[in-house]
Amino acid sequence: MGIFSLLKKKHSESVLPEKLPEHIAFIMDGNGRWAKKRGLARTAGHTQGAKVFRTIAEGCFELGIKAVTVYAFSTENWKRPKEEVDAIMLLLEQYMTERLSEDDARYKLRFIGDESVFVGETHEKMKRIEALNPKAENTLYIALNYGGRAEICHAVNILISEGKTSITEDDISSRIYTSASPDPDLIIRTGGDVRISNFLMWQSAYSELWFTPTLWPDFTMDEVRRILSSFGCRERRFGGLGK
Ligand code: FPP
């Protein structure tokens, strides 16, 4: 074993398994600035960001984290120039094509958000990919045309259509898009901004938050391991008094 593998192993050992999050979520910010710093078009930042997305999502599963959610495209991102929106959609298409052509049963994929805007072949591809590996123990949620407030309204509208006249927190928790997984223990935002941007508004009630200045295309599993070591030392009290 080379020195680099040894160092990597040491890092992952410093994350106590019992303190590993079950569900981790990422706000993948900073692609545009990463490209600008290099004199490249913003779309080049998204291309690099898409590579890093796969490395990080799959790296988290390898560490033993059961669910990963990434914020790929918000309901507000349609305001960006058409060229940029098209480039992000193309990256998603490419990722879906890759997933459909490889025999990787490590995780199942769920798109979360308002999928009514996705039609035809793209929508069909999304459904085919979601049907893969139904028994996989890991889940990757990709938030696409997603807004946290819209998700809560969507859940409430389901409850209304079911005839409910009074609702509980459990009712909403069981109708949100990520209801099959526990709420995220940890939400990491790259790119230096300190805000949640309408991401997982319901689920984040007791999530630990982590903000890093690292731009998403520069983000690495080494940094994830360092963040997890620190997360493992945090005391989560959920409104109680703790130890
Ligand atoms: C935010 O950075 C990033 C996005 C709005 C898009 C994120 C998309 C990807 C990482 C590619 C997704 C691909 C797949 C396959 C999931 P920004 O552009 O707002 O960066 P800036 O703040 O530096 O301008």
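Given the condition at pLDDT 95 or above, away from the ligand (no atom under 11 Å from the Cβ) and surrounded by fewer than 19 Cβ atoms within 10 Å (Cβ to Cβ), answer yes or no: does some residue in the stretch 46-54 qualify?
The answer is no, given that none of the residues of the stretch 46-54 is at pLDDT 95 or above, away from the ligand (no atom under 11 Å from the Cβ) and surrounded by fewer than 19 Cβ atoms within 10 Å (Cβ to Cβ).
Sort through K135, K125 and tell me the only one that's outside any helix (DSSP H, G or I) and either under 26 Å from I172 (Cβ atoms) or out of contact with any Phe, Trp or Tyr (no Cβ under 6 Å at 6 or more places or on another chain) (or both).
K135
Could you please give the count of residues in the stretch 14-45 that are within 27 Å of G232 (Cα to Cα) and buried (at least 18 other Cβ atoms within 10 Å of the Cβ)?
Matching residues across the stretch 14-45 total 11.
Just a yes or no: is a residue in the stretch 139-158 assigned to a loop (DSSP other than H, G, I, E, B), more than 17 Å from the chain's Cα centre (by Cα) and on the phi < 0 side of the Ramachandran plot?
No, the stretch 139-158 has no match at all.
In the stretch 63-103, which residue that is more than 9 Å from the ligand (Cβ to nearest atom) and assigned to a strand (DSSP E or B) is surrounded by the most Cβ atoms within 10 Å (Cβ to Cβ)?
Filtering the stretch 63-103 for residues that are more than 9 Å from the ligand (Cβ to nearest atom) and assigned to a strand (DSSP E or B), the one surrounded by the most Cβ atoms within 10 Å (Cβ to Cβ) comes out as T69.
For the stretch 184-208, give me each residue that is part of a helix (DSSP H, G or I) and surrounded by 23 or more Cβ atoms within 10 Å (Cβ to Cβ).
Q203
Of everything in the stretch 79-91, what is without any contact (Cβ under 8 Å) to a residue 24 or more places away in the chain and either farther than 17 Å from F111 by Cα or in contact with a Leu (Cβ under 8 Å, 6 or more places away or on another chain) (or both)? Give them in sequence order.
K79, R80, P81, K82, V85, D86
Within the stretch 104-116, can one find any residue that is assigned to a helix (DSSP H, G or I), more than 11 Å from the ligand (Cβ to nearest atom) and over 26 Å from E62 (Cβ atoms)?
yes
The values are calculated or read from the model by the stated rules, or taken from the named source; none is laboratory data. What you are looking at is a predicted structure, and each value in this text was computed from that prediction instead of being measured. Note that each Cβ is placed from the backbone with ideal geometry, even for glycine, and that neighbours are counted across all protein chains shown.
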